[in-house]
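The values are calculated or read from the model by the stated rules, or taken from the named source; none is laboratory data. The model shown is predicted, which means the values in this text are computed figures rather than measured ones. Note that each Cβ is placed from the backbone with ideal geometry, even for glycine, and that neighbours are counted across all protein chains shown. The protein model used for the area step is the full one, side chains on, heavy atoms only, and it has no ligands, DNA or RNA in it. Shrake-Rupley method; radii C 1.70, N 1.55, O 1.52, S 1.80 Å.
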Amino acid sequence: MVFNWILDRIFPTECPVCSKSSKSHLYNPLCQDCWKEIKKYNGPSCRICGIPAISEYTITCSTCLKTPPPFSQVIYYSLYEGNLKRAIHLFKFHKIRRLASPLAKLLLQLPIPKVDYIIPVPLHVKRLREREFNQTALLCRFLGKELNIKVLLNELIKTKETTPQALLDRERRIESVKNAFIANKDKINGCHILLVDDVITSGATISECSRALRRAGVKKVTVVALAHSAPADLNA
Ligand SMILES: [Zn+2]
Ligand SMILES: [Zn+2]
């Protein structure tokens, strides 16, 4: 294709995963081979919180049975490992914005229910300044366009600055995000919201966001994410 040939000349790209030259501008900057390794997770998982289950026979995990979470369901593309982890990392920390489109396409392969609005997990304004953009909001923009659903960026905000979740153990994660979010009920009262996150670790963040949304009168929250921590990383 002439268009790709021209792009190759203007932006010669080396795949950041395998270092071979990447010709696929569709999956920029990963090469097509590396992208193909990203496969949907079809293993057992809790039907509510999505935690990759240990047993094939467990339908709902013990945590969800004991305390039903404030969201109705979590769906995600795959586990946070391998090339998906690398792609998310490049998108998030190396600020490679052109990964937003192929990553959003992964989300579009999921059985997303019909919702009223799409809302990204927000960043605190200070973190937003450091990162320059909220990568999850960028994913939402693609989703909203494809699904023809409005994205709300100002209805759910993060009022408390928190330690990055990856640096904390499970209990501290829950503690650190407690009451960190606040939602404005004007538009979302009585609605079904699609809450979008990039990676779900302990579930503490999506739980707190969902709680804030429910407090603002939201009827139902469905969570969609690119990845969920692999079982081995959950208690690390
Ligand atoms: Zn590659
Ligand atoms: Zn569960």
| query | Say each of Cys18 and Leu153 gets a label point 7 Å from the Cα, pointing the same way as Cα to Cβ; how far apart are those two points in nm? | reply | 3.6
| said: With the cut-off at 24 Å, tell me which of the pairs Lys114/Lys187; Lys39/Lys92; Lys92/Lys219; Lys150/Lys219 have Cα atoms farther apart than that. | reply: Lys92/Lys219
| request: Take every Cα pair under 8 Å in the chain that's 6+ residues apart, average their separations, divide by the length, and report that relative contact order as a whole percent. | output: 21
| task | Assign unit charges at the C-beta atoms only (+1 for Lys and Arg, -1 for Asp and Glu), then state the dipole size of the chain relative to its Cα centre in Debye, rounded to the nearest 20. | result | 520
| query | Contour minus end-to-end for Arg131 and Ile174, with contour as 0.36 nm per residue of separation and end-to-end as the Cα-Cα distance? | reply | 13.2 nm
| task | Report the accessible area of Cys46, computed with a 1.4 Å probe over the heavy atoms of all protein chains in place, in Å² rounded to the nearest 10. | result | 10
| field | Nonlocal amide H pairs with Leu30, under 5 Å, H built at 1.01 Å | value | none
| said: As a test question: what accessible area, to the nearest 10 Å², does Thr201 have when a 1.4 Å probe is rolled over all protein chains in place? | reply: 40
| field | Relative contact order of the range 86-159, pairs being alpha-carbon contacts under 8 Å that are 6 or more residues apart, as % | value | 37
| message | I'd like the GluC sites (Glu not before Pro) in the range 144-194 restricted to DSSP loop residues with at most 16 other Cβ atoms within 10 Å, sorted by number. | response | Glu161
| remark: Kirkwood Rh for the range 38-234 from C-alpha pairs, in Å, is 16.8
| query | How would Arg98, Arg127, Arg141 rank on accessible area, largest to smallest, probe 1.4 Å? | reply | Arg141, Arg98, Arg127
| said: Keeping all protein chains in the complex and leaving out DNA, RNA and ligands, what accessible area do you get for Lys85 with a 1.4 Å probe, in Å² to the nearest 10? | reply: 80
| Under Karplus coefficients 6.51, -1.76 and 1.60, residue-wise ³J(HN,Hα) of the range 75-90 in Hz, glycine/proline x | 10, 8, 6, 7, 7, 7, 7, x, 6, 5, 4, 5, 5, 5, 4, 5
| Within the range 77-93: backbone nitrogen closer than 19 Å to the Leu108 label point (7 Å, Cα to C-beta) | 77-78, 88
